[in-house]
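The values are calculated or read from the model by the stated rules, or taken from the named source; none is laboratory data. All values reported here derive from a predicted model rather than from experimental measurement. Note that we place each Cβ from the backbone using ideal geometry, even for glycine, and neighbour counts take in every protein chain shown. Just so you know, the surface numbers come from the protein's heavy atoms only, side chains and all, with ligands and any DNA or RNA stripped out. Shrake-Rupley method; radii C 1.70, N 1.55, O 1.52, S 1.80 Å.
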Amino acid sequence: MRNYDLTPLYRSAIGFDRLARLAEHAAANNGNAGYPPYNIELLGENRYRITMAVAGFAMEELEITSEGEKLLVKGTKGEQAPERKYLYQGIAERGFERTFQLADYVTVEGAHLEHGLLNIDLVREIPEAMKPRKIEIGSGNRLIEETQA
């Protein structure tokens, strides 16, 4: 793993210290490299959906937790059936933990399981105070008037 020097970024950007943590998290999150497979869809300007292939998992074996900017999806297999003798086993029957880093103001709207696919709907709701606003530009005379008052 390479270590990148982010010092030049900090010289010209304010409040991006989270970027280093995100990069470290992305580099460290290789435990379940591709299991279970998932898609992330853009449904609208501020709407997203994560779809995970969770074949073989019952609804009771799946758990979704949202805490701060992290979304954790966990699958725990229950009691296993009697030992089977497979000629070929391509369907994984193991538990998993998958963590997603959510952007600011992204929350989980709901989740549903259908045909072996777990769909998690997300929405980004930016507070009015954080939305862009136009700033009026005044003349230099205003500062002189305020100091004389």
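List of remarks:
- Among residues other than Leu62 with Cβ under 12 Å from its Cβ, the summed charge is -1 (Lys and Arg +1, Asp and Glu -1).
- Fully extended contour minus Cα-Cα distance, from Ala129 to Ala58, at 0.36 nm per residue: 21.4 nm
- Rounded FRET efficiency, nearest 0.05, which uses the C-beta distance separating Arg84 from Glu109 and R0 of 30 Å: 0.20
- The residues of the range 72-131 expose, per residue, 73 Å² of accessible area to a 1.4 Å probe.
- Charge sum, other residues only, whose C-beta stays under 15 Å from Glu45's C-beta, Lys/Arg counted +1 and Asp/Glu -1: 0
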